[in-house]
Structures are given as structure tokens and as C-alpha cells.
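Take a look at the structure set out below.
The values are calculated or read from the model by the stated rules, or taken from the named source; none is laboratory data. Source: prediction; values computed, not measured. Backbone-built Cβ (ideal geometry, glycine too); neighbour counts: all protein chains shown.
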Protein chains: 2
Amino acid sequence: MNTLQRIETILARALGDPEGGLTPPLLARAMNHAVSPGGARVRPRLCLATAAACGHGNMELAFAAASAIELLHCASLVHDDMPCFDNAATRRGRPSVHKVYGEPVALLAGDALIVLAFDLIGRAAARPGQGQKAGAVLRIVAQSVGAPFGIVAGQAWECEPKVDVAMYHRSKTGALFAGAAAAGAAAMGADPERWRPLGAKLGEAYQVADDIGDAVAERDELGKPAHQDEALGRPNAVRELGLDGALARLRSLAQAAVEAIPDCPGAADLQAIILGESKRLVPRSLAVRAA
Amino acid sequence: MNTLQRIETILARALGDPEGGLTPPLLARAMNHAVSPGGARVRPRLCLATAAACGHGNMELAFAAASAIELLHCASLVHDDMPCFDNAATRRGRPSVHKVYGEPVALLAGDALIVLAFDLIGRAAARPGQGQKAGAVLRIVAQSVGAPFGIVAGQAWECEPKVDVAMYHRSKTGALFAGAAAAGAAAMGADPERWRPLGAKLGEAYQVADDIGDAVAERDELGKPAHQDEALGRPNAVRELGLDGALARLRSLAQAAVEAIPDCPGAADLQAIILGESKRLVPRSLAVRAA
């Protein structure tokens with residue numbers, strides 16, 4: 001089973017059968033809808049690539065962290081799509097959770113996914129000899145989601161009359177990428193702080209790519225509404241730098257991410273993954289222009 | 001410093017200064033508004049009373065669990081009060097969080113409180129020798145909040161066309177009480193399952209007391225809107241059993257809770273706490289009738 005398949009298996013097992021369990025049926029279906037079929041699972045893959053680059057020990061805690069991070073990401077999408085935020089009718093090419101299940105169930109599905117994420121780390125912590133390391137991983141993950149610097153805080157900057165734009169981007173997207181890299185390292189007993197810059201640069205790259213997609217792509221290409229930043233008055237790299245400027249920034253951030261890889265046995269593999277990803281990030285309609 | 005003061009100190013420290021930190025200011029204020037000044041802090045007190053009854057070891061993990069449980073309870077109140085659920089304008093005698101800070105910030109404040117709760121347990125887990133026990137505590141807490149049996153699932157039963165009423169009550173109120181007692185025991189290395197029935201009975205008692213309050217109290221007495229169950233078509237013990245029947249049920253549940261206390265050094269203290277609480281639960285306007 002490859003890495004991505006194993007993540008999908010952990011997520012599916014954690015969520016359980018949406019039709020056959022003891023969870024209220026609408027909640028169970030909404031949680032599954034939010035998580036599967038997923039996107040590129042970029043954050044858990046980053047977490048696991050970091051863990052693999054750090055050593056060859058037991059990867060169980062790293063998989064728990066990676067899956068928890070993906071659940072937290074999915075939870076944030078469910079809540080961000082709700083009418084009081086983006087009011088987005090589509091996500092990953094399908095109706096968003098609240099469009100299918102209504103606002104109350106969507107709100108609860110997000111909550112339940114956050115709880116489930118931490119439960120996955122708790123399961124790892126409860127195993128003999130893993131507790132203290134799992135505690136460190138849990139703290140990294142919690143800080144990359146909550147206040148003051150996590151994705152929830154990033155989203156909250158959108159509600160402020162005066163926005164700290166750097167803090168907004170660092171929290172809203174960067175935090176969970178930096179946390180994914182740091183958690184992968186911590187799960188293997190490596191120093192998490194050495195890995196944060198790599199995650200942060202990748203997070204910035206994804207934010208710029210997302211901005212480019214929002215500004216230029218057609219809806220069918222994104223699987224979610226396009227031109228939302230302009231409609232909602234949010235900062236966007238294309239508005240700030242122009243399209244060519246934003247594409248150049250994306251390339252330079254991918255390069256910076258590669259340079260931020262700490263010395264480690266798996267550095268070459270990690271470099272190949274990052275450069276491959278940075279090509280995938282450019283919308284198909286711009287691939288020629290970017291080359 | 002007594003138990004309650006120590007809980008307040010942990011909560012205040014975890015939340016940080018709402019005016020001076022790095023959290024987006026509205027989010028920081030909303031999180032504080034949701035937690036302080038609090039209610040009776042019944043769940044953390046139950047958690048700590050259970051822990052104290054189980055032994056005289058280091059109580060740090062028990063305090064972390066108790067504080068986490070209170071944060072999760074507060075988060076659930078913020079989300080339950082929102083327009084897509086109860087649309088409650090007041091809570092604890094003050095405007096509810098979304099009334100003061102708006103829906104987006106209220107939604108995020110709930111999310112951030114859930115994350116902060118697990119971070120508190122993560123801090124305890126990261127200490128030498130505490131990790132595995134903290135992992136067990138985390139799992140108990142997560143299961144009493146998430147799906148299928150926690151308070152989020154309980155709330156989700158309200159969204160189903162066909163409600164399993166027993167499951168609804170057990171999850172919506174009972175789960176976090178049972179979890180509080182079980183987590184207090186697990187934090188001291190005692191068997192959590194022996195303590196669940198006590199918590200569950202107390203949870204039922206609080207639900208009946210809440211139903212009585214909703215049915216008969218005036219708004220100023222509750223600090224939140226009265227007569228909501230009738231308005232929202234929710235199950236309520238007074239509607240099912242009549243007022244005297246509901247009062248009798250409250251007394252019998254308090255007695256059942258006392259009888260569910262496992263053999264332990266602190267049993268007598270715990271019994272006195274429970275009987276005292278069960279008197280406090282009856283609205284003042286009914287105290288004569290109940291006596």
C-alpha cells in the first residue's frame with residue numbers, strides 16, 4: 001500500500017461507514033462528504049515525506065499526525081464555505097457540505113472532524129512509549145490550527161476591520177503546512193523547528209497558486225467558485241503583483257522551499273516531490289505561459 | 001487556591017489576555033466572552049472530585065482534563081446558540097457570543113476553543129512519564145465530544161427527521177458528564193469505566209433540571225431564553241412527566257448518582273457534593289414545592 005492509499009484507509013476507518021454506524025446519519029454522511037473524495041492530500045503527504053526524510057523508524061505516529069492534519073484541513077473548508085463566510089456552493093467539483101446537509105449539520109460536521117483529528121493523535125499517544133512524542137506532535141498540530149497563529153486565527157483576520165496581511169497569510173495557509181512538516185519531524189523524534197521553514201515556504205507557494213487559480217481559472221477547473229477574492233475583497237497575489245508577477249513568485253517560492261530542506265537522508269526525494277508539486281500547482285490554462 | 005480558583009486560573013492563562021495578545025482581537029475577545037465569567041463549572045468540578053476521590057497523586061493531568069472539558073462545553077454553547085440552531089440572544093445573563101461578535105467570529109471562537117482544549121491535554125502529554133496516561137484521557141474526552149456518542153452527535157440528533165430520544169439525551173448532555181468522571185479517574189491511573197455510571201446519572205439529572213428550568217423559570221432566573229424546548233419542539237421532561245413528575249425524577253437521579261459512586265477513599269466527600277448540587281439545581285421559584 002503506498003502512502004496515499006494508507007492515508008485514505010486511515011481516514012476511511014476513522015470516519016466509519018456513513019450508512020451503518022451509530023452516528024446520527026446526516027452527521028455521518030456530512031463528515032464523509034467533507035473528507036472523501038479528497039483533494040490532493042498535500043498536507044498529509046508533506047507530513048509523511050518529512051517523516052520519511054527524517055528516518056526509518058515506526059511511522060505510525062506520523063500517519064496519525066498526517067491524517068489528523070487532513071481532517072483539520074477538511075473541517076476548515078466546511079466551516080469556511082458556510083454562508084457566514086464564503087457562502088460557497090461548490091467544493092472539489094461537488095456541492096459544499098452545507099448545500100447538501102444544511103447549515104446546522106455542516107457546523108457540527110466541522111466540529112466533529114476537529115475532535116476526530118485529535119482523537120487520532122490520542123490513539124497514538126495511548127500506545128506504550130509513544131505518549132510523550134505524541135504530546136509534542138499534538139501541540140504542534142493544535143498550534144497550527146488554533147489561536148494565535150493557526151488557520152482558525154488566519155480566518156479570523158478576515159473578520160477584523162484592520163488586517164495584518166502578512167499574519168493573515170502566514171496563519172490562514174502557512175500555519176498548517178509548517179505544522180505538517182514540523183509534526184512529521186517530531187513524530188520521528190527529529191527537531192521540528194528545523195522543518196518549519198520548508199513547510200512555511202510551501203504554504204506560501206500554495207497560497208499564491210490558489211490566488212492565481214482564483215483570479216484566472218474557470219469554475220470547472222477549480223471545482224469551487226472562482227473570482228472569490230475579488231468578490232469578497234480579500235488580498236490576492238495576482239491583484240498585487242499581476243499575473244506574470246504572481247507566476248514568478250510561485251516559482252521563486254518553490255525554489256525557496258527546496259533550499260529550506262534541512263540536511264537529511266531523504267533530501268533528494270523530497271526535492272523531487274516539491275518540484276513536481278510546484279508544476280502541478282499551475283492551472284492547466286496557464287501552463288504554457290509559466291513554462 | 002481552591003479547586004474552582006485553580007480551574008479559573010488555568011482557563012484564564014490558556015485564553016491569554018484578550019486585549020494584549022497576538023490573536024486577532026475580535027477572536028480573542030469572543031473566546032474570552034464564551035468562557036468567562038462562567039457558569040457553575042460543574043463538569044470540571046466533577047472531573048476533579050472524581051480524581052481526588054481516586055487518590056492523592058499529582059493532579060496536573062486531572063486539572064488539564066477538567067479545564068479542557070470546560071472549554072469544550074463552552075465551545076458547544078457558542079455553536080448551539082448560533083442562528084442555525086437555537087438562535088439564542090442571551091447566555092449566562094449576557095448577550096451570546098454571536099450577538100456581540102457576529103456569526104463568523106462566533107463560529108471561529110467555538111473552533112478555536114475546541115482546539116485549545118486538546119492543546120491543554122497535549123501540554124500534559126508532553127511531560128515526561130505522563131504521555132500514555134494523557135493519551136487515554138484525551139481519548140475519553142474526544143469520545144465524549146465527537147461522533148458517535150459525544151455532545152456534537154447529541155446536537156446532531158436534533159437535525160434528524162427521526163430522533164432516538166434516549167441516544168439524544170445520553171449524547172447531548174450525558175456524554176460530557178460521563179466523560180468528566182471517567183477522565184478524572186483515568187488521569188489518576190484509576191479505571192475510568194467504573195466512574196462512567198456516576199457521571200451519566202449526574203448528566204441525566206442536569207438535563208432534567210435544565211428541562212425544568214426551561215419549562216417554568218423566568219428568563220432573568222436562567223440567564224438565557226426560557227421556554228425554548230416548547231418553541232423548538234424538543235423533548236422536555238416536564239412535558240413528558242409533568243412538573244411534579246420531573247421534580248421526582250430529578251431527586252431519584254441524584255440518589256442514583258450517589259449510589260453509583262464506586263468504593264473509594266473520597267466517597268463521603270463526593271456524596272456530599274452531589275446532594276448539595278442536586279438542591280442547587282432546582283430553580284428558586286420551585287424550591288418550596290420540591291422540598
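For A:Ala246, the requirement of being of a type in the set (Gly, Ala, Ser), farther than 19 Å from A:Ala175 by Cα and in contact with an Asp or Glu (Cβ under 7 Å, 6 or more places away or on another chain) is met. All of A:Gln207, A:Gln255, A:Gln228 fail the test of being at pLDDT 90 or above and surrounded by 15 or more Cβ atoms within 10 Å (Cβ to Cβ), apart from A:Gln255. Listed by first and then second residue, the pairs with beta-carbon distance under 8 Å, at least 6 apart or on different chains, first residue in the stretch B:87-113 and modelled with pLDDT of 95 or more and surrounded by 24 or more Cβ atoms within 10 Å (Cβ to Cβ), second part of a helix (DSSP H, G or I) and of a type in the set (Phe, Trp, Tyr), are B:Ala109/B:Tyr101. Check the stretch B:174-190 and report whether any residue there is among the aromatic types (Phe, Trp, Tyr) and within 13 Å of the chain's Cα centre (by Cα). Scanning the stretch B:174-190 turns up at least one residue that is among the aromatic types (Phe, Trp, Tyr) and within 13 Å of the chain's Cα centre (by Cα). So for the stretch A:28-42 (the condition being in contact with a His (Cβ under 8 Å, 6 or more places away or on another chain) and over 20 Å from A:Cys264 (Cα atoms)), does at least one residue qualify? No, there is no match, as no residue in the stretch A:28-42 is in contact with a His (Cβ under 8 Å, 6 or more places away or on another chain) and over 20 Å from A:Cys264 (Cα atoms). Taking the conditions exactly as written (assigned to a helix (DSSP H, G or I), under 13 Å from the mean Cα position of the chain (by Cα) and more than 9 Å from chain B (Cβ to nearest Cβ)), does A:Glu204 satisfy them or not? In short, yes.
Filtered by the rule that a residue be in a loop (DSSP other than H, G, I, E, B) and either of a type in the set (Gly, Ala, Ser) or in contact with a His (Cβ under 6 Å, 6 or more places away or on another chain) (or both), the stretch A:212-267 gives A:Ala217, A:Gly223, A:Ala226, A:Gly233, A:Ala260, A:Gly266. Please determine, by comparing only the residues of the stretch B:129-142 that are more than 7 Å from chain A (Cβ to nearest Cβ) and not in a loop (DSSP other than H, G, I, E, B), which one is modelled with the lowest pLDDT. Only one residue tops the list, namely B:Lys133. Specify which of the listed residues (A:Gln155, A:Gln130) is farther than 27 Å from B:Leu15 by Cα and among the polar types (S, T, N, Q). Exactly one of A:Gln155, A:Gln130 is farther than 27 Å from B:Leu15 by Cα and among the polar types (S, T, N, Q), namely A:Gln130.
Selection over the stretch B:157-167 of residues that are part of a helix (DSSP H, G or I) and either at pLDDT below 85 or more than 9 Å from chain A (Cβ to nearest Cβ) (or both) gives a count of 3.
The set of residues in the stretch B:148-175 that are of a type outside the set (Ser, Thr, Tyr) and touching a residue at least 60 places away in the same chain (Cβ under 8 Å) comprises B:Ile151, B:Val152, B:Gln155, B:Glu158, B:Val163, B:Val165, B:His169.
What about A:Ala125, is it buried (at least 24 other Cβ atoms within 10 Å of the Cβ), modelled with pLDDT under 95 and within 14 Å of chain B (Cβ to nearest Cβ)? Criteria met by A:Ala125. Please go through (1) within 28 Å of A:Gly150 (Cα to Cα); (2) in contact with a helix residue (DSSP H, G or I) (Cβ under 8 Å, 6 or more places away or on another chain); (3) at pLDDT 90 or above for B:Arg13 and return the number of the only condition it doesn't satisfy. All conditions pass for B:Arg13, except number (2). Could we say that A:Pro128 is of a type outside the set (S, T, N, Q), closer than 23 Å to B:Leu138 by Cα and free of Cβ contacts under 8 Å to residues at least 60 places away in the same chain here? Spelling it out, A:Pro128 is indeed of a type outside the set (S, T, N, Q), closer than 23 Å to B:Leu138 by Cα and free of Cβ contacts under 8 Å to residues at least 60 places away in the same chain.
As a summary of the residue check, B:Ile114 satisfies the conditions (1) more than 7 Å from chain A (Cβ to nearest Cβ); (2) of a type outside the set (Ser, Thr, Tyr); (3) within 14 Å of the chain's Cα centre (by Cα) except for the one numbered (1). For the stretch A:55-78, indicate whether the set of residues that are of a type outside the set (A, V, I, L, M), assigned to a helix (DSSP H, G or I), closer than 20 Å to A:Ile10 by Cα and at the interface with another protein chain (Cβ under 10 Å from one of its Cβ atoms) is non-empty. The answer is yes, given that some residue of the stretch A:55-78 is of a type outside the set (A, V, I, L, M), assigned to a helix (DSSP H, G or I), closer than 20 Å to A:Ile10 by Cα and at the interface with another protein chain (Cβ under 10 Å from one of its Cβ atoms).
Every listed requirement among (1) closer than 17 Å to A:Gly110 by Cβ; (2) surrounded by fewer than 24 Cβ atoms within 10 Å (Cβ to Cβ); (3) of a type in the set (A, V, I, L, M) is met by A:Ala30 save one, (2).
Within the stretch A:24-54, the residues that satisfy the criterion of being more than 14 Å from chain B (Cβ to nearest Cβ), charged (D, E, K, R) and assigned to a helix (DSSP H, G or I) are A:Arg43, A:Arg45.
A count restricted to the stretch B:79-111 and to residues that are assigned to a helix (DSSP H, G or I) and aromatic (Phe, Trp, Tyr) stands at 1.
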